[in-house]
Amino acid sequence: MDYSSLISKRRDRFSELEEAVGDPDLFSDPKRATEILREHGKLKQTLELWEKIEAAKRHLADNQELAKSDDPDFSAMAADEIPGLETEIEKLSTDLQYALLPSDPSEDRDALVEIRAGAGGDEASLFAAELMRMYQRYADLRGWKSEHLESSPSEVGGFKEVILKITGQEVFRYLKYESGVHRVQRVPATETQGRVHTSTVTVAVLPEAEEVDIELKPEDLRIEVCRAGGAGGQHVNRTESAVQIFHLPTGTYVRCEDGRSQIKNKEMALQILRSKLYDQKLHEQQQAYSSHRRSLIGSGDRSEKIRTYNFPQSRITDHRIGFTSHNLTGVIAGDLSEFTAELQKTEMDERLTEAGL
């Protein structure tokens, strides 16, 4: 497909954005500035990708011509490069197709990862802790930073609930596929008869909201302070440092007690609340999407069983795309790249079909 006309429109838009970026008054409107800078960055990458494709095509045409040379060594050298150039052009063309799709404004954002133990009692809480470590290791592998925001430990050393903040480049783009119910099948350490148990953990990945996205009005909030609770020892705070916030219009509730001070806990609670409200806003907007797409990738349905981790057979299956891997050890150690790549490919193929590209 010839994308020249689309690229021409992108160039015109990029010129407009270049002028806007150079405007001294750009940051007088923070929300507009954020949107413009994001769009400018995306378009710049798209146009650079187009230039790479055009350069590779010129290189290929030159080599095809040189391959007809009367000099056998020269001809062979040029011919040897042709398959590699054709592969490069094919990959760059696929990347360009994806780049030309309407962008999801949330993909560049940092993310909050909320992990909750579901069915399975103690075993579910232990698996919740394993998933937390899996996402922390995945963040390390991608060069991201993970921060522990809030947690509720279980008596066996796991977590009933834990919230991580992960920051870096395009965090939500890669982590958004993790939202849903994760099912684990294995023999718990406490099982004396070797029976396989099934437990579940729910994961919710929320794009981090900025203050310009969600305005929290003081009259809409009920903020309460109380003593932190826990399993005892260092988990119990003698002062009223825990903070809980109720968002009255939506009934959304957030509690933070992991921070060392009331001020820190309030900041974290507001951050989590803002992201929860932004996530609700996004889900309302998604109702405009086709029902087919909403039912498959990135739907964020918290009740949808998305993946099963079968330890006895060292098998992981993603039920949304029917993809199975036997690299369970690697995945638990943070290597989610295989699953992420397959999920991204499936979503992008759907989006390309919808966009007619």
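The values are calculated or read from the model by the stated rules, or taken from the named source; none is laboratory data. Since the structure is predicted, the reported quantities are computational estimates derived from the model, not experimental observations. So basically every Cβ, Gly included, is an ideal-geometry build from the backbone, and we count neighbours across all protein chains shown.
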Counting just the residues of region 1-35 that are at pLDDT below 90, assigned to a helix (DSSP H, G or I) and in contact with a helix residue (DSSP H, G or I) (Cβ under 8 Å, 6 or more places away or on another chain), which one comes out surrounded by the fewest Cβ atoms within 10 Å (Cβ to Cβ)?
-> PHE27
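Could you tell me whether any residue of region 41-56 is in contact with a His (Cβ under 9 Å, 6 or more places away or on another chain), of a type outside the set (Lys, Arg) and free of Cβ contacts under 8 Å to residues at least 40 places away in the same chain? Outline the logic, then answer.
Start the filter on region 41-56 by keeping residues that are in contact with a His (Cβ under 9 Å, 6 or more places away or on another chain), which leaves none.
There is no residue in region 41-56 that is in contact with a His (Cβ under 9 Å, 6 or more places away or on another chain), of a type outside the set (Lys, Arg) and free of Cβ contacts under 8 Å to residues at least 40 places away in the same chain.
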Exception for GLU48 within (1) closer than 20 Å to GLU170 by Cβ; (2) surrounded by 15 or more Cβ atoms within 10 Å (Cβ to Cβ) falls at (2)
List every residue pair whose Cβ atoms lie under 8 Å apart, where the two residues are 6 or more positions apart in sequence or sit on different chains, the first residue falls within region 61-88 and is within 27 Å of TRP50 (Cβ to Cβ), and the second residue, located anywhere, is β-branched (Val, Ile, Thr).
-> ASN63/ILE82; GLN64/ILE82; ALA67/ILE82
LEU92 fails exactly one of (1) out of contact with any helix residue (DSSP H, G or I) (no Cβ under 6 Å at 6 or more places or on another chain); (2) surrounded by 16 or more Cβ atoms within 10 Å (Cβ to Cβ), namely (1)
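Return yes or no: is VAL331 at pLDDT 80 or above, in a helix (DSSP H, G or I), surrounded by 16 or more Cβ atoms within 10 Å (Cβ to Cβ) and among the aliphatic types (A, V, I, L, M)?
Here the answer is yes, as VAL331 does meet what is asked.
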Across region 111-159, which residue is nearest to TYR309 (Cα to Cα) among those that are touching a Gly at 6+ places or on another chain (Cβ under 9 Å), surrounded by 21 or more Cβ atoms within 10 Å (Cβ to Cβ) and among the charged types (D, E, K, R)?
-> GLU123
Within region 102-144, the residues that are in contact with a helix residue (DSSP H, G or I) (Cβ under 7 Å, 6 or more places away or on another chain), among the hydroxyl-bearing types (Ser, Thr, Tyr) and farther than 12 Å from LEU175 by Cβ are SER103
